[in-house]
1. What is the spin-label model distance, in nm, from ALA134 to ILE423 if the labels are put 7 Å beyond Cα along the C-beta direction?
2. Put +1 on the Cβ of each Lys and Arg and -1 on the Cβ of each Asp and Glu in the chain; which of ASN445, VAL516, PHE284 then has its Cα farthest toward the positive end of the dipole?
3. Carbon and sulfur atoms: what percent of the 1.4 Å accessible area of the stretch 202-296 do they account for?
4. Taking the square root of 5 times each eigenvalue of the Cα gyration tensor, what semi-axes in Å does the equivalent ellipsoid of the chain have, largest first?
5. Return the Rg/Rh ratio of the stretch 406-527 with Cα-based radii and a Kirkwood Rh.
6. I need the calculated FRET efficiency for the pair LEU280 and SER318, taking r as the beta carbon distance and R₀ as 22 Å, to the nearest 0.05.
7. Provide the descending list of Cα extents for the stretch 468-592 along its principal axes, expressed in whole angstroms.
8. With each pseudo-label sitting 7 Å past Cα toward Cβ, what's the PHE465-LEU301 distance in nm, one decimal?
Amino acid sequence: MGNKKARAIASVLIFVLAAALIVTGAVGMSQRDSQTGDEILTAMRTRSVLIATGEGAVESYVAIAADEARAAAQAAGASMSEIREAVAAAEEEARNNSSANLLDYETADTTGLDAALETLNAALSDYRAEEAAAQAAYIAEMEASGALDQTEEEVDTSQITSEADLDAMLAEEEEVEVDMSGFVATERMNELRAIADEQYASVCTELMALYDTLDQEALDTLESTIFDIVSQAGDDFASEYDRFAAAGGSAALENGLQARIIRYGDDLIYVGIGLILAGLVVFFYPALIKKLGVPRMIIGLFFVLLCVVALLYDLSLSGLMSNTLVRMGMNSILVLAMVPGIQCGIGLNLGLPIGIVGGLIGGLLAIEWQIGGWLGFLFACVVGMAISAVTGALYGMLLNRLKGSEMSVTTYVGFSIVSLMCIAWLVLPFNSLELRWPLGTGLRNTIVMSDSTSFGHLLDNFLSFSIGGFTVPTGLLLFMVLCCYLVWLFMRSRTGVAMMAVGNNRRFAEATGVNVDRMRIIGTMISTMLGAVGILVYSQSYGFMQLYTAPRQMGFVAASAILIGGASTSRCKISHVLIGTFLFQGVLTLGMPVANALVPQSTISETMRILISNGIILYALTKSGGDQRA
């Protein structure tokens, strides 16, 4: 059997399985709001309450017996060991006696309890909805009064040393804990709670009819437990099913498979869609490998897998994809800076920190002189590009004297400029309190870019809009497209064509009269200037500028992104920038929450960041074989 026929058969089998999963999942989803779904939840709710009531009653009686035995032993003057023995014997006897009187769940008539719990569920749902609305109004009132405002001085940036630290801090800021100690229940909340209490009394009546040994005092202690089982805020079929199942309610189901299909119908659909994509990959494998290459195939499939896992774990895929889009926009200019370097023949410009430093200086000057908004952003870009043009020209001259060793030289230069600037940030004469440490000398590690006094989130907020949970940073994407278009336009100019000719074949270009050294300097200058703009776009989107060692790895991140997009050390296109940045940032954005869901409190996401960045660069270098251009 040929490979093509084997792939076709495997693809058909995968498609059949995918279709079966999708149809099964769709049928299950459609039954959630049907009578079948209601009957499943009703049976599980009742069984969960019965289990909690029976076990709670048993433990209540055991505790009472233990207290009585302890008091009697102490009154008789028993020793500590005798007291412990008496308490243990009393607990065992009470548990055996109470367990013997537990309800037979299979034969008990729970019709009355089913109706009472359904009514209680409706009453609690109304109460929790009113409570949520009242609390939202309370929070809005506190926000309007300024009680929830945070000043910039309250933001501790001293511990931020990497992009991962910054991500973690920003994630914590999104989960703001509001002090609700001053919240007072509204009159409507009290009315609805009184109705719920009345319905709970009906539930207690039904429970005492089922349990002969149960009294009102014991049921009063179980009220909060039963309330939490019956209803919680934001309930839907999946959340109720999971809660009841955790409480033992699954034992009440006659057809557990059908219930699980209804509960996990959406997951079956997601897996089916993933299998369809897998089937397409299997069928078109040779063409995809030839067109995309192994790295892009692996990263693309891994990205799809992360999307499927995110859906399976009920993560907000729309929010994650929105974050991916933002990260794509904020990193794309830094990745775009690799294009002129590759096209002019110096290869991957791992000396990108030279341009990044220029952009940082421009941003710091804008903050120092209090130039905010669009004017501040444009000022920072102009100053950053001017500095980077000069340093880029000197950098290009150095590379011209070391032809054939560009990769090692760019890496060395990038690390050296970062080390040099670690000293410069301590002695440069900036006076703004937003930049300097409160005590001592030197600039802060992380500079907060305020939305009001600087140009923080300027591009992100410009013309942005939301569709459901998906936010589109229109201004950021428009700026990315503009920069890509300008580079594309330049590459089609006479200078751009000459520069690409040098990158393709240096000796041939020189034989046709092209000034090779000049073209290499121009390409290096443009690359560093784009690096200056790129770090400003990156910083305004994050809301911070990071100094000292933070720029050291940015060249490697940009290089790995463009290589993932399909570029090599000698050839690249604008499409490689867009595809590579999206895949690279998409994997990192989805990888962190998915890793935390799979293995809580792990560092898998940061490990994956390092593996992807350095692994793809290593792959590209091995594919180039170490050969230099003729």
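1. Reported label-point gap for ALA134 and ILE423 is 6.6 nm.
2. VAL516
3. So the carbon and sulfur contribution to the accessible surface is 60 percent.
4. Semi-axes, largest first: 62, 32, 23 Å.
5. We get a ratio of 1.13 for the stretch 406-527.
6. Here the calculated transfer efficiency is 0.40.
7. 57, 34, 25
8. Placing both labels 7 Å along Cα→Cβ, they lie 3.9 nm apart.
The values are calculated or read from the model by the stated rules, or taken from the named source; none is laboratory data. What you see is a predicted model, and the numbers here were worked out from it, not measured in a lab. Please note: Cβ atoms are built from the backbone with ideal geometry, for glycine as well, and neighbour counts cover all protein chains shown. Accessible surface areas use protein heavy atoms only, side chains included; no ligands, DNA or RNA. Shrake-Rupley method; radii C 1.70, N 1.55, O 1.52, S 1.80 Å.
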